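Structure first, commentary second.
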Amino acid sequence: MMLASWANQGVNLWAVDLVTVPLVQGQATYSVDGNTVMILDAYMETVNGASQPIDRIILPISRTEYASYPNKEQQGFTTTFWFDRLISPTITLWPVPDGTSAQYLKYYRVRQIQDSNFTSGQTVEIPYLWLDAFADAMAYRLARVWNPAMTAELKAIADESYNIADAQNVETASQYISPMINGYFRP
């Protein structure tokens, strides 16, 4: 339950993977693995003969926006997707793949964290940097049942160690924004 709570609090980078789905002309909806928590980024991959694949990002839409589209069977150059977070989740593409503009849907997803299994000798699937947060959170959760007088103190400790680990759970890519203003000036 604690790992599910962590998944609900944000992206756990160690549980992100890339999924590739071959597309079928005229098919809008595809099954998604049931252990998918969320889809982060999605893109279409087009392969033309011996040339390098070409990728282009597609954007997420809401259920309401998808419902507003008048022709859900329209085929063409897919630009959007709707991730329906059911017990058996699906992803629906629009426009529907036409068989020529893309051959694969690729998406980065956050999957459920694998829990420990004492009978098989497995340990919980968390990186080294999260061990302290895990131990503190377990102490807090156990205290709620076995020693309620300690819960306030242990909650503060668990929150602090979670925040420290979470601060390291980021991508470290630089981002630069430079406006192109040279068109505003004349020599």
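Against the numbered list (1) assigned to a loop (DSSP other than H, G, I, E, B); (2) surrounded by 16 or more Cβ atoms within 10 Å (Cβ to Cβ); (3) free of Cβ contacts under 8 Å to residues at least 60 places away in the same chain, I177 comes up short only at (2). Confirm whether V16 is touching a Leu at 6+ places or on another chain (Cβ under 8 Å) and either touching a residue at least 12 places away in the same chain (Cβ under 8 Å) or within 15 Å of P89 (Cβ to Cβ) (or both). The answer is yes for V16.
Could you tell me which of the residues A28, A102, A7 is surrounded by 15 or more Cβ atoms within 10 Å (Cβ to Cβ) and under 27 Å from T172 (Cβ atoms)? If you could, list the steps in order and put the result at the bottom.
Working: A28 fails: under 27 Å from T172 (Cβ atoms); A102 fails: under 27 Å from T172 (Cβ atoms).
On inspection, the qualifying residue turns out to be A7.
Being surrounded by 13 or more Cβ atoms within 10 Å (Cβ to Cβ) and either over 30 Å from E160 (Cβ atoms) or in contact with a helix residue (DSSP H, G or I) (Cβ under 8 Å, 6 or more places away or on another chain) (or both) is the requirement here; does R109 meet it? When the stated conditions are applied, R109 does not pass them. Condition first: within 18 Å of the chain's Cα centre (by Cα), part of a loop (DSSP other than H, G, I, E, B) and hydrophobic (A, V, I, L, M, F, W, C). Now tell me which residues in region 22-78 satisfy that. Passing the criteria: V32, I61. Applying the condition of being at pLDDT below 85 and outside any loop (DSSP other than H, G, I, E, B) to region 10-21 and asking which residue is surrounded by the fewest Cβ atoms within 10 Å (Cβ to Cβ) yields L13. Scan region 36-69 for residues that are open to solvent by less than 60 Å² (accessible area, probe 1.4 Å), closer than 25 Å to A7 by Cβ and not hydroxyl-bearing (S, T, Y) and jot them down. Correct list: V37, M38, I39, A42, I58, I61.
Of the residues making up region 150-170, just one is open to solvent by 80 Å² or more (accessible area, probe 1.4 Å) and touching a Leu at 6+ places or on another chain (Cβ under 7 Å), namely Q168.
Could you grab me the full set of residues in region 118-146 that are open to solvent by 70 Å² or more (accessible area, probe 1.4 Å) and either assigned to a loop (DSSP other than H, G, I, E, B) or modelled with pLDDT under 80 (or both)? The answer is F118, T119, S120, Q122, T123, Y128.
The values are calculated or read from the model by the stated rules, or taken from the named source; none is laboratory data. In this text the structure is predicted, and so the values were computed from the model without any measurement. No Cβ is skipped: glycine too gets one built from the backbone with ideal geometry, and neighbour counts run over all protein chains shown. Note: areas computed on protein heavy atoms with side chains; ligands, DNA, RNA excluded. Shrake-Rupley method; radii C 1.70, N 1.55, O 1.52, S 1.80 Å.
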